[in-house]
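A short reminder: the numbers here are calculations on the coordinates, not readings from a lab. No experiment lies behind these values; they were computed from the predicted model shown. Cβ placement follows ideal geometry from the backbone for every residue including glycine, while neighbour counts extend to all protein chains displayed.
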Amino acid sequence: MTTNIKGQLMDFSVPKVMGILNITPDSFYKESRKQTEKDISGRVLQIVSEGADIIDVGGYSSRPGAMFVSEEEEMQRLRFGLEILLREAPDAIVSVDTFRADVAKECVEKYGVAIINDISAGTLDDNMFDTVADLHVPYVIMHIQGSPQTMMQYTQYDNLMKDIFLYFAEKINRLHLKGVNDIWVDPGFGFSKTTSQNYEVLSNLEQFNIFEAPVLVGLSRKTMIREIIDVQAEEALNGTTALNMFALTQGANVLRVHDVKETVQAVKLFYTIKKMKYDV
């Protein structure tokens, strides 16, 4: 499985690691919040040195109940962070975590961002699909109901897995009709799902290969981990690594994480086992 990024093919035979760069004051994991030039620069260099394949930059926290941020404020944060990122790591593959079409457009056209990571899959901005089609960049679509402010009010499903698959099928069909082919799917752990529902999705992760698209998994330090093992976000690294390894065995192609070094190590171990199995 491959995807086209700026004319180069990214091969997913080895799963990829996406390091999180939050240019926000309110992301749920306090240690991930980077707002000063020094902190952003340090985080970029850390992500690169620890071996991430992609840097995912966000200027709008999507945690449950997150504060609304205006488009102007989001773009101001991203301009500040992307200028530092490009200075420190000009060759990095960068994705932008936004659900706004105009923000995506400016990030791609002015700052060379290579991937759009949209938590709403076009639901929160009717112009996003057309914008992505015009930009010709890979597009991550995530499952969510409602918005970051309301999503935990929408955890009722007729059939959880069926409803999620129908959601993705409809989105992918619309995108294909617009000429968008490089589509990644993200099941949306922690978004519009209870802890039990998150584990139901994770236990059925392998089924997402029906879409023949890279599967991005974002489990890092989330509530679904903390509730089960009774820890705070600062203590959830071990649980995150355990679930990331399970996700890899179920076909995850991209792991979006706060802790790059530990995830890169997990991917290396997973790939060693996988390669041994098929070589034998």
What helices in the chain pass both tests, a Cα length along the helix axis of 20 Å or more and a mean Kyte hydropathy of 0.5 or higher, using whole DSSP H runs? none
Which ³J(HN,Hα) values, rounded to whole Hz and listed in residue order, are derived for segment 213-223 from phi using the Karplus coefficients 6.51, -1.76 and 1.60 in 6.51 cos²θ - 1.76 cosθ + 1.60 with θ = phi - 60°, glycine and proline given as x? 9, x, 9, 9, 10, x, 10, 3, 6, 7, 4
Taking N as the number of residues in the chain, what is its Cα Rg relative to 2.2 N^0.38 Å? 0.93
Find how much the distance from Glu227 to Asp158 grows on full extension, using 0.36 nm per residue of separation minus their present alpha carbon separation; answer in nm with one decimal. 22.4 nm
Would you mind estimating how fast segment 195-280 diffuses translationally, via Stokes-Einstein at 37 °C and 0.692 mPa s with the Kirkwood radius over Cα pairs, in µm²/s? 242 µm²/s
Among Ala169, Ala247, Ala121, which one shows the biggest mean-square fluctuation in a GNM of the chain, springs joining Cα atoms closer than 10 Å? Ala169
What percent does the relative contact order of the chain come to when contacts are Cα pairs within less than 8 Å and at least six residues apart? 19 percent
Put +1 on the Cβ of every Lys and Arg and -1 on every Asp and Glu Cβ in the chain; which of Ser120, Leu160, Met276 then has its Cα farthest towards the positive end of the dipole? Met276
Rg(Cα)/(2.2 N^0.38 Å) for segment 7-137, N = residue count: 1.01
Any idea how far the Cα center of segment 235-273 sits from the one of segment 104-171, in Å? 24 Å
Pick from Thr24, Thr123, Thr155: which is most flexible by mean-square fluctuation in a GNM of the chain where alpha carbon atoms under 10 Å apart are linked? Thr155
Given the options His136, His258, His176, which has the most mean-square fluctuation in a GNM of the chain, springs set between C-alpha atoms less than 10 angstrom apart? His176
